[in-house]
Amino acid sequence: MVGAPIGTWIAGFLPETVLLLSFAGLMVIVAVRLWQQASHPILPGPACPTPEHSDGPTCQRDAAGVLILNSRCAVLLLIVGVLTGVLSGVFGVGGGFVIVPALVLFSGMSIHRAVGTSLMVIAMVSVSGVASQLWAGHAISPFFTGLFVIGGIGGLFAGQQIGRRLSGPTLQKVFVVAILAVAVFVIVRNLSV
């Protein structure tokens, strides 16, 4: 919630094409990391990384898979949360493309749990983001917002049914393909203009 207004302020200084191409680049980077993680999942227990053997800055989990919330992990999640908010404010996106990958990559959370957790985070960040957009003088169309809300709710229920039938790594790879498809669309559309 703190980062979203900062991101909105930053976005005001950047041309639309730069914003969209930067967003596409971020999606490609996130997709590559998520695909690598889905291809080589870390299981709780003896294979769970220790701080000395972890793959980059991530929180640790105990043998049962429960998050070990020590001061290092809390600070990491706070920093990642602020950066996620900034990215949400800059690009106008939330859960699917920013919050879910952050939760999966930095907390070691399964994608199924990350999706559920991100919905709560999205609600909170969205309040901050909408307020900062209105404060910045950007108009928001109630009609188009309503259509997206209705479509989003329908898609949410359909997606839940599909997600229940897929294993975590498979769902993560499907998610990666969707991210890459959007990234390619954004790149092609902005470079062909």
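The values are calculated or read from the model by the stated rules, or taken from the named source; none is laboratory data. What you are looking at is a predicted structure, and each value in this text was computed from that prediction instead of being measured. Because the Cβ atoms are built from the backbone with ideal geometry, glycine has one as well, and the counts that use them run over all protein chains shown.
One line per residue, one yes/no per condition, for (1) among the small types (Gly, Ala, Ser); (2) out of contact with any helix residue (DSSP H, G or I) (no Cβ under 7 Å at 6 or more places or on another chain); (3) in a helix (DSSP H, G or I):
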| residue | (1), (2), (3) |
| --- | --- |
| 73 | no, yes, yes |
| 82 | no, no, yes |
| 98 | no, no, yes |
| 102 | yes, no, yes |
| 109 | no, no, no |
| 116 | yes, yes, yes |
| 119 | no, no, yes |
| 124 | no, yes, yes |
| 127 | no, yes, yes |
Inset, instruction - Give the residue that is surrounded by the most Cβ atoms within 10 Å (Cβ to Cβ), with candidates limited to residues of the stretch 116-163 that are modelled with pLDDT of 80 or more and hydroxyl-bearing (Ser, Thr, Tyr). - result: 118
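Listed here are the residues, each with its yes/no results for (1) out of contact with any strand residue (DSSP E or B) (no Cβ under 9 Å at 6 or more places or on another chain); (2) of a type in the set (Ser, Thr, Tyr); (3) touching a residue at least 60 places away in the same chain (Cβ under 8 Å).
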| site | (1), (2), (3) |
| --- | --- |
| 107 | no, yes, no |
| 110 | yes, yes, no |
| 143 | yes, no, no |
| 167 | yes, yes, no |
| 180 | yes, no, yes |
| 188 | yes, no, no |
Inset, instruction - Return the residue satisfying two criteria in turn: it lies in the stretch 164-186 and is among the small types (Gly, Ala, Ser) and part of a helix (DSSP H, G or I), and of such residues it is surrounded by the most Cβ atoms within 10 Å (Cβ to Cβ). - result: 183
Inset, instruction - Output the residues belonging to the stretch 151-171 that are closer than 25 Å to residue 89 by Cβ and either touching a Gly at 6+ places or on another chain (Cβ under 9 Å) or aliphatic (A, V, I, L, M) (or both). - result: 153, 156
Inset, instruction - Kindly provide the set of residues from the stretch 99-115 that are modelled with pLDDT under 80 and crowded, with 24+ Cβ neighbours inside 10 Å, ordered by number. - result: 111
